[in-house]
Structures are given as C-alpha cells and as structure tokens.
Amino acid sequence: MSGYSSRGNVVSQQLTSARLAVGYVRVSTDMQANDGLSLDAQRHAIESYCASQGQRLVKIYHDIESGGKADRVGLANALATSADIVVVLKFDRISRSIKHFCEMYEEHFADGKKELVAIRESIRLDSALGRALVSILLVFAQMEREATGERTREAIAHIRRQGFHFGKVPYGYKAIPAPQNPRYRILVEDPAEQTALAKVKELVESGCGLSEIAEMLNAAMVSPPQGDHWTKSLVYNLKLRKGWHRCKPVNNRNHSDEEVKRRMRELRDRGTTYRSIANILNEEGYLPYKGKKFSESSVCRLLGNVKENRLLTPRAFCESIIRRAEGTRPSYPVLAKLLSEGGFVTPRGNTHWWPAQVQQLLNGSYDQHYRRRSPTSPNNCGR
C-alpha cells in the first residue's frame with residue numbers, strides 16, 4: 001500500500017507542477033467548421049503536443065473567422081486566461097496580419113510571462129531569430145490571405161460576366177439553377193414579392209409617409225425583405241434601391257458656398273460663438289445648401305470641414321491667425337511654418353515659405369498675384 005501511495009503522491013506533484021496551457025484553433029468559413037475535419041485535426045494535434053510535453057491542457061478555444069480580423073472572441077478569451085502557454089497548430093491560425101500579430105505579441109507575450117507555441121513551425125519567440133522567422137512566415141500568410149481575396153473577387157466577377165447571379169438575392173426575385181449550367185444560379189421574379197413591390201411603389205407615389213407605409217404593409221400581412229415585420233428603415237432602403245426616393249429640392253441662393261464660409265470664418269475670428277454666427281447668417285440672408293436656415297451644429301460642422309488653402313488667400317489666412325492670437329502677434333517664422341503646413345503656395349509655386357516672404361505678403365506685395373488666382377471651387381461644398 002505504501003508503494004501505491006508514494007506513486008500517487010508523485011503523480012499528484014507532477015500534475016500540480018505541470019504548466020497550464022490553452023489551445024486555440026481557427027477556420028475561416030462555416031463550411032470548414034461544419035465539415036469538422038479541420039477543427040478536429042487542430043484539436044487533436046494540440047492535445048497530443050500538450051500530453052507529450054507534460055503540460056496540463058485547460059481548454060481549447062475556437063473561432064470561425066478570417067485570420068485578418070483582430071477582434072475574435074475565441075482568441076480574446078484564450079489570451080485573457082492565466083495559462084502559461086497558448087498553443088496553436090500554426091502561427092497563421094492565430095493571425096494572418098503582420099500588424100495584428102506584432103501588437104498581440106507586444107501586449108501578451110513580450111514580457112515572457114506567457115509563451116506562444118506553434119506546433120508545426122517549432123519556433124520559439126524568446127529569441128530575436130525566432131521572432132524574425134515568424135515575421136517572414138506571417139508575410140507569406142498575409143500574402144496568401146490577400147491573394148485568396150483577389151481570386152475570390154475575380155471568380156465572382158467572372159460569374160457575373162457570364163450572366164449568372166452571385167450573392168444575396170434582391171427582394172422581388174428568387175434564385176434558381178441556370179438551365180445551361182446548373183452549377184450557377186439566375187434570378188427570376190417572385191410573384192408574391194413583385195406584388196408587394198408594386199404595393200409599396202403605389203403607396204410611395206401616393207405620398208404616404210415611411211411609418212404609415214410600414215404600418216399598412218404589416219396590417220396587410222405582406223412579407224418584408226428581412227425580419228418579421230416592416231419598419232421605417234426597411235421602406236426607406238427599398239425606396240433608395242428601386243429609385244423611388246425623391247430628393248428634397250435644394251435652396252436657390254444668390255451667393256456661393258465660399259462666400260458663406262468666408263463670412264463664417266470672419267465672424268469666428270472675432271470670437272463670435274457658433275450660435276451667434278448662425279443667427280447673424282440667417283439675419284443677413286445667407287441660406288444653407290439644404291434646409292431653411294443655419295443652426296449652431298451646421299455652422300460648427302462647416303467650419304470644421306473648411307479647407308483654408310482653398311477658401312482663403314495666404315494673406316487672409318495670416319491675418320486670421322493674427323486676429324485669433326488676441327494681441328500676441330505671431331512671428332514671421334511661425335506664420336511661415338503655418339502657411340507651409342496649411343499647403344499654401346508661394347508666388348513662385350513652392351509650398352515652403354520663408355519669413356521674408358511672409359513679411360512681404362503682409363505688406364501687400366503679392367496681393368495682385370493672388371487676386372488673379374483667387375481660390376474657386378464648385379458650389380457644392382457647404383452642405
């Protein structure tokens with residue numbers, strides 16, 4: 001009895017001292033997951049490896065996602081455990097993106113508290129050579145992922161050029177095997193859904209609102225494109241796809257977008273608040289591209305999207321900076337740097353400004369040059 005007791009103690013000590021490991025397996029598609037062979041093969045390899053190395057395998061996590069995606073639930077759970085080792089079959093199972101792999105390594109493995117093991121490659125990451133070899137492998141893994149995407153896009157384009165359908169079936173149609181090649185599908189009209197489309201079009205043309213149309217379709221028990229019932233967004237998206245949506249007319253204005261933006265910028269340089277700018281613009285007769293009047297949020301959005309090197313001349317830009325400085329006039333070198341960073345072009349066509357050029361600019365030496373080349377842009381920027 002004493003012999004059995006001592007052997008039991010040894011086994012217990014070995015289990016206690018064994019390093020904890022978690023496994024991670026991944027396939028890219030549901031088809032591979034349903035087939036089972038790929039996931040089962042990875043699991044078997046991880047279980048065999050941990051048993052041969054005397055490691056205690058706690059759990060094997062899995063994902064059915066592309067290796068190019070960083071936010072995978074199974075991978076996140078595997079990395080969040082307190083296990084000593086994360087075991088994968090190959091490095092490309094854990095990532096096919098060089099950037100993602102490097103970020104993950106720095107966050108979870110660089111300090112040496114946790115080890116990443118790839119069974120097939122037999123590469124340790126605790127040396128510079130190992131990390132370099134992994135980088136080379138990941139280059140080819142990323143290249144293969146991108147090449148797979150290219151091949152898939154080319155195959156889809158070829159199918160569609162032949163007149164067959166690939167992808168989601170649009171509402172109003174159904175997909176059936178092509179008579180000349182049953183491997184592919186073609187679209188034919190679905191009578192019930194075509195009747196529903198005609199009903200929706202009739203309601204849209206009669207001037208009914210989106211919510212009203214959705215309620216009427218639900219009351220008539222019409223099957224929606226997706227989900228259990230019609231919603232406002234479903235009706236709106238269907239209108240857009242079918243070309244039944246009528247855009248609201250834009251305002252007829254006697255001023256350009258650039259004039260509005262210059263006026264906004266001028267008022268803002270004086271310290272005027274966004275709400276006050278909107279009120280002043282409305283009082284002065286300025287109109288937005290759409291809508292009845294300017295609001296605080298629309299002014300804030302438009303000023304945030306202003307491209308100053310298209311809206312202002314270099315001198316107007318410098319004067320704007322000086323006004324906003326509130327008495328502390330920026331030096332010529334500072335203004336030269338701001339002009340260069342803002343993409344303003346000098347009279348000779350360069351983008352680098354010198355302080356002496358800024359001084360001449362503010363003295364009006366280049367006014368005639370920029371008056372001839374005043375910035376203009378299409379009248380559709382102030383939307």
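Computed over Cα pairs, the Kirkwood radius of region 168-276 leads via Stokes-Einstein (0.692 mPa s, 37 °C) to a diffusion coefficient of 184 µm² per second.
Count charges around Asp92 for me, please; just the other residues with Cβ under 10 Å from its Cβ, Lys/Arg as +1, Asp/Glu as -1. Cβ neighbours under 10 Å give a net charge of +4. Once the mean of 1/r is taken over each pair of separate Cα atoms and inverted, the chain shows a Kirkwood hydrodynamic radius of 28.9 Å. Per residue, region 17-142 exposes an accessible area of 53 Å² to a 1.4 Å probe, with every protein chain left in place.
Most simply put, the chain has about 30% antiparallel DSSP beta bridges, counting only bridges with both residues inside it. Counting only residues at least eight positions apart within a chain, or on another chain, the aspartates and glutamates with an alpha carbon under 17 Å from that of Lys59 are Asp40, Glu47, Asp84, Glu115. Surface composition of region 204-358: carbon and sulfur atoms hold 49% of the protein heavy-atom accessible area at a 1.4 Å probe. Would you mind telling me which residue in Ala175, Ala316, Ala118 has the biggest mean-square fluctuation in a Gaussian network model of the chain, where springs connect alpha carbons within a distance under 10 angstrom? Between Ala175, Ala316, Ala118, it is Ala316 that shows the largest mean-square fluctuation. The alpha carbons of region 191-244 stretch over 23, 23, 17 Å along the principal axes, in descending order. Once you reduce region 39-67 and region 330-365 to the center of their Cα atoms, the two points are 63 Å from each other. Roughly speaking, what % of Cα-Cα pairs in region 77-179 are separated by over 25 Å, rounded to a whole number? Tail of P(r) above 25 Å: 42 percent of Cα pairs.
Angle of helix 314-324 to the longest C-alpha principal axis of the chain, folded into 0 to 90 degrees and rounded to 10: 80°. Peptides 297-303, 152-158, 128-134 ranked from most to least packed give 297-303, 128-134, 152-158, packing being the mean of other C-beta atoms within 10 angstrom over each peptide's residues.
Surface analysis of region 150-277 yields an accessible area of 67 Å² per residue, using protein heavy atoms and a 1.4 Å probe.
Which value in deg cm²/dmol, rounded to the nearest 500, describes the helix-derived mean residue ellipticity at 222 nm for the chain, given -39,500 (n - 2.57) per DSSP H run of n ≥ 4 and division by the residue count? -16000 deg cm²/dmol, from helical runs alone. Structure note, pairs Lys199/Lys290; Lys239/Lys293; Lys199/Lys232: Cα-Cα distances above 23 angstrom occur for Lys199/Lys290; Lys239/Lys293.
For region 222-237, 3J(HN,Hα) computed residue by residue from phi via the Karplus equation (6.51, -1.76, 1.60; θ = phi - 60°) reads 7, 6, x, x, 7, x, 9, 8, 6, 10, 4, 5, 5, 5, 5, 5 Hz, glycine and proline entered as x. Between Gly291, Gly149, Gly364, the Gaussian network model of the chain with springs among Cα atoms under 10 angstrom shows the greatest mean-square fluctuation at Gly364.
Across the cross-link table entries Lys168/Lys201; Lys69/Lys201; Lys261/Lys337, which are compared at the Cα atoms, the separations over 32 Å belong to Lys69/Lys201. Shape summary: region 173-221 maps onto an equivalent ellipsoid whose semi-axes, from the alpha-carbon gyration tensor, are 32, 10, 8 Å in decreasing order.
The values are calculated or read from the model by the stated rules, or taken from the named source; none is laboratory data. Just so it is clear, the structure is predicted and the values come from calculations on it, not from any experiment. As a convention, Cβ positions derive from the backbone with ideal geometry for all residues, glycine included, and neighbour counts pool all protein chains shown. Keep in mind that these areas ignore ligands, DNA and RNA; they rest on the heavy atoms of the full protein, side chains included. Shrake-Rupley method; radii C 1.70, N 1.55, O 1.52, S 1.80 Å.
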